[in-house]
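So the structure is just underneath, and the comments pick up after that.
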Amino acid sequence: MENLTILTPLKQPIVFELESFEVPRDQGPILFFLALLNYMVVLLANGLVMGIIVADRALHRPMNVMICNLAACDLLGGTAALIRLMIYLATGNKKIAYGEAIIQAFSVHTYGAAVQTILAAMAYDSTQGFLLRNASQHPVQRSNMAGALPSPKLMTWNSHRPPPA
């Protein structure tokens, strides 16, 4: 006997339905307008930030480029979450196709991972800049300026040293 696998296409598409998210019919248009206003503010503000950073060559520095990347990620996150919410508020249709759900889940997870990565890079860049600016005031940290962050032991050494007699 031969091992045989037969794949048959689905007769009906997979559809998900939002449960326990009820909006009264008379409040749907008001909430749709508020969500649309929120989305327009997100588009305008992030587009403005990105446009200013791209247009002004003086702003082409690492921290500003990371702020531009955060604005682009915010556009992705706002689009991934608000578009489907506005469709529901406008039509009252709580159903979403499988493909749309996968795309939305991928977009939201990509947004979250990208924002966390950019914020971590910004924190590291800011910490390194602070340490390099204040190297003359912290002699213990001078030996660590090659690139790695100082260990907590080195950062707290001066504060726990007994005062000179």
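Other residues whose C-beta falls under 12 angstrom from the C-beta of ASN64 contribute a net charge of 0, scoring Lys and Arg +1 and Asp and Glu -1. With labels modelled as points extended 7 Å from the Cα through the Cβ direction, what inter-label distance (nm, one decimal) is found for THR91 paired with ASP56? Here the modelled spin labels are 4.3 nm apart. Computed from phi, the 3J(HN,Hα) profile of the range 107-120 under the Karplus parametrisation 6.51, -1.76, 1.60 (θ = phi - 60°) reads 5, 5, 5, 5, 4, x, 5, 5, 5, 4, 5, 5, 5, 5 Hz, with x in place of Gly and Pro. Taking the Cα centre of the range 1-116 as the origin and placing charges on Cβ (Lys, Arg +1; Asp, Glu -1), which of ALA114, GLY92, CYS68 is farthest toward the positive end of the dipole? Among ALA114, GLY92, CYS68, the one farthest towards the positive end of the dipole of the range 1-116 is CYS68.
Under the combined filter of DSSP loop state and at most 16 neighbouring Cβ atoms within 10 Å, the range 51-114 retains these trypsin sites (Lys or Arg not before Pro): LYS94. Sequence-ordered 3J(HN,Hα) estimates for the range 33-40 from the Karplus curve with 6.51, -1.76 and 1.60 and θ = phi - 60° stand at 4, 5, 5, 5, 4, 4, 5, 5 Hz, glycine and proline given as x.
The largest accessible area among HIS109, HIS60 belongs to the first residue in HIS109, HIS60, and the rest follow in falling order (1.4 Å probe, all chains). Using a simple spin-label model with pseudo-atoms 7 Å out from Cα toward Cβ, LEU119 and SER107 lie 2.1 nm apart.
The values are calculated or read from the model by the stated rules, or taken from the named source; none is laboratory data. What you see is a predicted model; the values in this text were computed from it and never measured. Quick reminder, even Gly has a Cβ in these numbers, built from the backbone with ideal geometry, and neighbours come from all protein chains shown. Side chains included, ligands, DNA and RNA excluded: accessible areas come from the protein's heavy atoms. Shrake-Rupley method; radii C 1.70, N 1.55, O 1.52, S 1.80 Å.
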